[in-house]
Amino acid sequence: MAAISQERAREELDRESSKVNRDDIEALLERQKKIEAKVQAGGKLERFSTDIRLMFSLLRDYWNGRYRQIPWKSVAAIAGALLYVLNPLDLIPDVLIGFGLLDDAGVVALCLKMVESDLHRYAAWKELDAEAAARA
């Protein structure tokens, strides 16, 4: 079984991100450990662990009002991708050992491609923010 196509990943990401609201962001932040455990369990998602931590950091700073230099569409895409990872009964059920996380990885990869410049800007802002805090 091959990974899902980019077109199918886009359909799934569009479907998830179109439903995202502020409450979903809060719910995601509360489930961060569960998603990170799923990512660290190995398989296709593990290579995205650093990116997923950055995505959560961005969502947390957005939720807390510390970082708003990002379009809602990008926030919704990030939240939609993470909600997709959280759902065990998605396109390929996660219980299918060896295959269950292929679709999750495809959706995360597409999301990262879509929001790459937003994540780079956020990471640069986060670094500057940390430097400013260290000087204070």
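Taken over the range 51-75, residues that are in a loop (DSSP other than H, G, I, E, B) and not polar (S, T, N, Q) amount to 6. Kindly establish whether V39 is outside any helix (DSSP H, G or I) and at pLDDT below 90. It is false that V39 is outside any helix (DSSP H, G or I) and at pLDDT below 90. Exactly one residue among I70, I78 is β-branched (V, I, T) and farther than 18 Å from L128 by Cα, and that residue is I78.
Considered as a group, the residues in the range 89-136 that are among the small types (G, A, S) and modelled with pLDDT under 55 include one that is surrounded by the fewest Cβ atoms within 10 Å (Cβ to Cβ), and that residue is G98. Yes or no: F48 assigned to a helix (DSSP H, G or I) and either polar (S, T, N, Q) or free of Cβ contacts under 8 Å to residues at least 40 places away in the same chain (or both)? No: the conditions fail for F48.
The values are calculated or read from the model by the stated rules, or taken from the named source; none is laboratory data. It should be emphasised that the depicted structure is a prediction, and the values quoted were computed from it without experimental measurement. Note that each Cβ is placed from the backbone with ideal geometry, even for glycine, and that neighbours are counted across all protein chains shown.
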